[in-house]
Amino acid sequence: MKTADIRSRYLEFFAARDHRIVPSSALVPLNDPTLMFTNSGMVQFKDALIGVQVPRYKRAVSAQRCVRAGGKHNDLENVGYTARHHTFFEMMGNFSFGDYFKEDTIRWAWEFISMVLKVPTDPLLVTVHPDDDESRTLWREMIGIREDRIVSVAENFWAMGDTGPCGPCTEIFYDHGPSVPGGPPGSPDEDGDRFVEFWNLVFPQFDRSPDGTLTPLPKPGVDTGMGLERVAAIMQGVHSNYDTDVFRDLMREVGRIAGLNDPDAIRRNPSVRVISDHIRSCSFLIADGVMPSNEDRGYVLRRIIRRALRHGHKLGIKGTFFHKLVAPLEHEMASAYPVITEQQAHVTKTLLAEEERFAETLSQGMELLERTIKSLQGDVIPGDVVFKLYDTYGFPADLTADVARERGLTVDSAGFEVAMDAQRERGRAAGRFDADIGQRIRVEQPVEFLGYDTLTADAKVLALYRLGNDDVKSVEVLDGTSDGVVVLDRTPFYAESGGQVGDQGTLENSTAQFDVVDTTANGPQYLHRGHVTTGEFKVGDRVHASVGGERRRRTMVHHSATHLLHAALRRVLGVHVQQKGSLVDHERLRFDFSHGAPVTADQIEAIETLVNDEVRRNTEVATELLPFDMAVERGAMALFGEKYGDEVRVLTMGGGFSVELCGGTHVRRTGDIGVVRLTSESGIAAGVRRIEAVAGAAALSYIRGIEADLDEAARAVKSSRKDVLSKIRSLVDQQRELSRELEQVKAKLAANQGVELVDRVKTVKGVNVLCAEVSGLDAKGLLSTLDTLKSRLGSAVIVLAQKDGATVDLIAGVTKDLTDRVKAGDAIKALAPLVGAKGGGRPDMARAGGGDRPDGVSKLPAAVDQWVAERI
């Protein structure tokens with residue numbers, strides 16, 4: 001039974017028993033910040049299972065994509081070396097939220113296994129918790145399993161944490177037989193592959209108190225997880241998940257790229273397994289919004305990618321290859337998970353970029369590692385080498401450990417951590433000066449901020465500081481010899497906060513001017529950073545503070561637009577959207593938010609329309625000061641990364657369309673924003689998206705720029721702006737027609753060459769043999785010529801060679817009546833080295849490319865004759 005059929009039958013089986021089919025959630029959990037990745041089917045149902053959320057349905061069933069490659073649940077180091085460990089896998093699950101319990105769960109599991117899948121029941125074994133007499137009785141009396149096939153295991157107890165919902169579980173195992181190493185669960189050899197657990201039935205039926213007391217829940221739940229790949233192995237009669245149809249085509253493609261022709265060698269090769277597994281996790285992580293980086297989820301993704309690339313290097317694969325596996329993966333998984341089709345181009349592009357980034361240092365890093373290993377006096381790779389590989393060549397430490405494991409070595413992890421700590425300290429020291437500015441400036445008198453109502457004000461200088469290369473010095477007089485900081489008793493300058501940049505402007509007295517380039521907050525005071533352009537300032541001076549008005553006004557427009565954007569995102573995408581960061585200045589706005597998938601074009605349009613609808617309504621932007629708790633009770637959103645006092649400023653826009661806590665500066669009415677255009681959307685981290693936009697005058701400039709580009713395009717195709725689209729479409733149609741005609745010409749050329757070559761056939765031991773050089777053909781043309789020759793000759797062995805500058809391509813074909821004696825793939829394997837090429841293929845057709853010895857083409861005819869003669 002195919003894996004896809006197992007998946008669909010599982011969903012159909014439980015749907016027929018009143019379960020809601022719930023689509024897979026993303027690999028980035030939105031409801032559990034403690035998890036690195038979604039690692040089981042229950043993650044999206046966690047709140048319902050523990051009773052903090054009332055579910056919309058009492059029964060659910062799902063096919064959940066999962067990743068285990070970081071944190072507590074990490075299978076990475078075992079992937080490729082065992083039959084059942086993966087970074088990416090699918091978990092089938094059925095769930096009850098206070099509805100059915102153990103009897104139905106166990107009965108339905110057995111019905112699905114024995115009646116739907118028709119798995120032989122003799123090899124099945126189950127485990128129960130020693131105190132779970134109810135499950136043991138159900139297995140024995142309701143199902144009829146022999147007592148000796150029911151094993152008590154103390155670890156069969158599930159808990160979310162030290163307190164809260166918990167309960168026993170019962171697991172179903174399949175015995176692959178004595179020919180496979182391993183012992184039953186609970187035995188010393190349980191980690192072997194003979195007994196494979198494929199379905200876990202969890203019963204959260206207790207509430208555990210801090211003192212350990214277990215109190216029965218009034219409505220216990222059910223959480224089951226069946227490993228799809230493991231069931232597929234059982235159904236397809238194989239012992240390894242890698243031998244199932246899930247991996248077969250992927251592994252074959254990896255083997256083809258690596259130039260491996262023996263199916264058994266491909267199947268057994270750990271590197272092929274690693275790459276085939278890792279393309280699954282990497283592709284789906286990227287599709288779900290994770291991007292390679294050096295932090296958190298992004299770093300785990302980068303580690304997996306680079307582990308796959310290292311194994312490609314080990315297989316001898318030259319150049320980029322990993323991204324090419326996205327297409328066969330999409331073909332295999334698209335029907336179950338459409339997101340991989342929707343994001344195929346993005347995933348491919350991201351993986352290619354990461355490959356190209358790492359390719360620059362992979363070979364150099366491996367050379368350093370090989371030299372180190374050869375010169376080792378013992379069996380431990382030094383920590384400083386591990387650090388250099390990480391710091392200089394981008395090798396994650398576990399990649400180096402992976403190589404060490406293959407060579408029977410270990411790594412000095414403690415030494416690596418010492419080197420890492422030293423690097424972190426250097427980084428802290430490098431960034432300490434900016435922090436020291438705030439730490440070393442202390443003015444207790446709080447500033448009076450006037451910037452909500454005015455852009456100018458008279459103020460008194462409370463303190464002055466001179467900024468040196470590595471020093472912050474309090475001074476009585478500040479002149480133009482160095483940059484400095486001015487502290488005032490009152491100011492209209494807004495200090496950077498909440499994503500809004502600090503104001504710029506000037507401070508002036510009767511004889512001097514200070515240009516403010518940035519304003520930052522420091523405790524109860526604001527620091528005006530900049531430099532004296534004329535004269536000098538003294539502590540106690542009276543100054544006139546003036547904020548750059550146009551810059552501030554444009555910044556306010558973008559800040560207010562950001563609030564409308566946040567509210568629109570929550571309405572269009574869902575209330576899971578939370579601000580993760582922002583930047584608001586006079587040129588643009590940038591908004592980072594939690595969301596597990598790229599925002600579609602239709603969603604972008606809906607968001608932009610909703611924002612501009614609110615702008616056109618031209619409602620008042622209202623502010624009021626409230627106690628923090630009262631503000632939150634009224635529905636005001638507290639923003640990411642912000643700290644709030646007991647009293648907060650509540651900003652309301654659109655009559656309640658947006659209500660947030662915000663200390664920033666804003667427009668008076670939404671109509672003052674003018675217009676908002678979203679300019680880009682991208683993923684910046686695991687589960688975090690970024691939208692950039694422009695508003696007001698900046699949006700007008702943006703639109704004018706687009707119109708200028710449109711006019712330029714119209715001139716380029718000799719059209720008007722009005723007709724440019726139809727003209728471009730006409731040109732595209734013309735290009736397609738020319739391409740079609742060119743293909744026809746190429747096909748005719750290939751056919752003509754095929755006809756001409758028929759006369760050059762010779763006979764070797766009664767078999768027609770043709771070896772010839774052709775020219776002017778692309779890959780499709782070569783294949784067409786080969787097919788023409790096969791058709792005309794009826795029975796033959798054919799080898800064609802084509803030079804393209806200094807490179808050579810080969811194609812070999814064998815008619816079907818001869819493939820039991822000679823095979824095209826074997827011919828390529830034997831002949832390709834003559835021209836420096838590599839390749840492979842099927843018994844009836846094979847290719848080789850990249851040959852770098854064109855002089856070897858002249859040797860091919862004699863070599864082909866000899867090769868055929870030896871095999872006939």
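Worth a mention:
- Boolean, V128 is at pLDDT below 95 and β-branched (V, I, T): no
Matching residues to (1) within 30 Å of S25 (Cβ to Cβ); (2) modelled with pLDDT under 90; (3) not small (G, A, S):
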residue	(1), (2), (3)
I317	no, no, yes
S335	yes, no, no
T361	no, yes, yes
R371	no, yes, yes
Y390	no, yes, yes
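- Residue check for E90: acidic (D, E), open to solvent by less than 10 Å² (accessible area, probe 1.4 Å) and either out of contact with any strand residue (DSSP E or B) (no Cβ under 8 Å at 6 or more places or on another chain) or in contact (Cβ under 8 Å) with a residue 24 or more places away in the chain (or both): yes
- Residues in the stretch 475-498 that are under 49 Å from the mean Cα position of the chain (by Cα) and open to solvent by less than 20 Å² (accessible area, probe 1.4 Å): G484, V485, V486, V487, L488, T491, P492, F493, Y494, A495.
- In the condition set (1) at pLDDT 90 or above; (2) open to solvent by 50 Å² or more (accessible area, probe 1.4 Å); (3) not polar (S, T, N, Q), E756 is compliant with all but (1).
- Of all residues in the stretch 360-401 being in contact (Cβ under 8 Å) with a residue 12 or more places away in the chain and open to solvent by 60 Å² or more (accessible area, probe 1.4 Å), the one that is farthest from F284 (Cα to Cα): D379
- Scope the stretch 307-319; condition open to solvent by 40 Å² or more (accessible area, probe 1.4 Å) and within 26 Å of A404 (Cβ to Cβ); matching residues: H313, K314, K318
- Among (1) within 17 Å of K314 (Cβ to Cβ); (2) surrounded by 17 or more Cβ atoms within 10 Å (Cβ to Cβ) - the single one G408 does not satisfy: (2)
- Counted residues, the stretch 729-753 - those being touching a strand residue (DSSP E or B) at 6+ places or on another chain (Cβ under 7 Å) and modelled with pLDDT of 80 or more: 0
- Every condition in (1) in contact (Cβ under 8 Å) with a residue 24 or more places away in the chain; (2) buried (at least 22 other Cβ atoms within 10 Å of the Cβ); (3) within 42 Å of the chain's Cα centre (by Cα); (4) farther than 17 Å from A869 by Cβ holds for A832 except the one numbered (1).
- Failed condition for V472, given (1) more than 30 Å from D672 (Cβ to Cβ); (2) of a type in the set (V, I, T); (3) touching a residue at least 40 places away in the same chain (Cβ under 8 Å): (3)
- Taking residues in the stretch 249-270 that are in contact (Cβ under 8 Å) with a residue 24 or more places away in the chain, and partners anywhere that are part of a loop (DSSP other than H, G, I, E, B) and exposed (fewer than 15 other Cβ atoms within 10 Å of the Cβ), the pairs with Cβ atoms closer than 7 Å and at least 6 places apart or on different chains are A258/G316; P270/Y81.
- Test: residue in the stretch 557-567 that is modelled with pLDDT under 95 and either more than 40 Å from the chain's Cα centre (by Cα) or open to solvent by 10 Å² or more (accessible area, probe 1.4 Å) (or both): no
- Tabulated pairs, the stretch 274-296, first closer than 17 Å to R690 by Cα, second of a type in the set (S, T, N, Q) and part of a helix (DSSP H, G or I), C-beta under 6 angstrom, 6+ apart or interchain: I286/T350
- For the stretch 693-719, filtered to residues that are open to solvent by less than 50 Å² (accessible area, probe 1.4 Å) and not in a helix (DSSP H, G or I), the residue that is farthest from C282 (Cα to Cα) is S719.
- Yes/no for E197 being under 23 Å from W108 (Cα atoms), of a type outside the set (F, W, Y) and either open to solvent by 30 Å² or more (accessible area, probe 1.4 Å) or free of Cβ contacts under 8 Å to residues at least 12 places away in the same chain (or both): yes
- Of all residues in the stretch 407-433 being modelled with pLDDT of 75 or more and of a type in the set (D, E, K, R), the one that is farthest from D384 (Cα to Cα): R407
- Just so you know, in the stretch 132-179 the residues that are touching a Pro at 6+ places or on another chain (Cβ under 7 Å) and assigned to a loop (DSSP other than H, G, I, E, B) include one that is surrounded by the most Cβ atoms within 10 Å (Cβ to Cβ), and it is N156.
The values are calculated or read from the model by the stated rules, or taken from the named source; none is laboratory data. Owing to the predicted nature of the structure, the values given are computational and were not obtained by experimental measurement. Counting neighbours? That spans all protein chains shown, and the Cβs are built from the backbone with ideal geometry, glycine included. Ligands, DNA and RNA are stripped out before the accessible areas are found, and what is left, the full protein with its side chains, is counted by its heavy atoms. Shrake-Rupley method; radii C 1.70, N 1.55, O 1.52, S 1.80 Å.
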